[in-house]
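Following: one structure in structure tokens, then a few remarks.
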Amino acid sequence: QVQLVESGGGLVQAGGSLRLSCAASGRTFSTYVMGWSRQAPGKEREFVAAISQSGDSTTYVNSVNGRFTISRDNAKNTVYLQMNSLKPEDTAVYYCNAAPTTAATMKGIATYWGQGTQVTVSS
């Protein structure tokens, strides 16, 4: 099986930036679409971003488009989420996931999930 470990979360002021990392174990990392989802207290989990196996295609939820950038380094088995111009409404636990398709990760149907990392944006 594949294990995913997120890092890089923390506390930041509105307008600031953070970069999240997700390190994957195993030899099949490049066969998965990788994604990021988030869940704020009292709210449902929300799709944030996804990147294709080769890294040549990305998808974002409208609320983060233009501010967040997802990328991957298959040689390092790592996916990243660069978050700029952060807003208080971005506060949530962010989860890395591996899925068979982009549609699957957008629907929250993933084969593997990380443990999550907390991002808190103060006003």
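The values are calculated or read from the model by the stated rules, or taken from the named source; none is laboratory data. Quick caveat: nothing in here was measured; it's all calculated off a predicted structure. Note that each Cβ is placed from the backbone with ideal geometry, even for glycine, and that neighbours are counted across all protein chains shown. For accessibility, only protein heavy atoms count, side chains too; no ligands or nucleic acids. Shrake-Rupley method; radii C 1.70, N 1.55, O 1.52, S 1.80 Å.
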### Message
Pull out all pairs, ordered by first then second residue, where Cβ-Cβ is under 9 Å, the residues are six or more apart or on different chains, the first lies in the range 85-112 and is free of Cβ contacts under 8 Å to residues at least 40 places away in the same chain and of a type in the set (Gly, Ala, Ser), and the second is open to solvent by 60 Å² or more (accessible area, probe 1.4 Å) and part of a loop (DSSP other than H, G, I, E, B).
### Response
ALA103/ILE109
### Message
Can you list residue pairs whose Cβ atoms sit under 8 Å apart, with the first residue in the range 19-32 being at positive phi and the second being surrounded by fewer than 22 Cβ atoms within 10 Å (Cβ to Cβ) and not in a strand (DSSP E or B)? Count only pairs 6 or more apart in sequence or on different chains.
### Response
GLY26/GLN1; GLY26/VAL2; GLY26/GLN3; GLY26/ASN77
### Message
When the residues of the range 18-53 are narrowed to those that are among the aromatic types (Phe, Trp, Tyr) and at pLDDT 95 or above, which ends up surrounded by the fewest Cβ atoms within 10 Å (Cβ to Cβ)?
### Response
PHE47
### Task
State whether the residues of the range 54-65 include one that is open to solvent by less than 60 Å² (accessible area, probe 1.4 Å), at positive phi and either without any contact (Cβ under 8 Å) to a residue 40 or more places away in the chain or of a type in the set (S, T, N, Q) (or both).
yes
### Message
Only one of ALA103, ALA92, ALA110, ALA98 is closer than 18 Å to ARG45 by Cβ, modelled with pLDDT under 95 and open to solvent by less than 60 Å² (accessible area, probe 1.4 Å). Can you tell me which?
### Response
ALA110
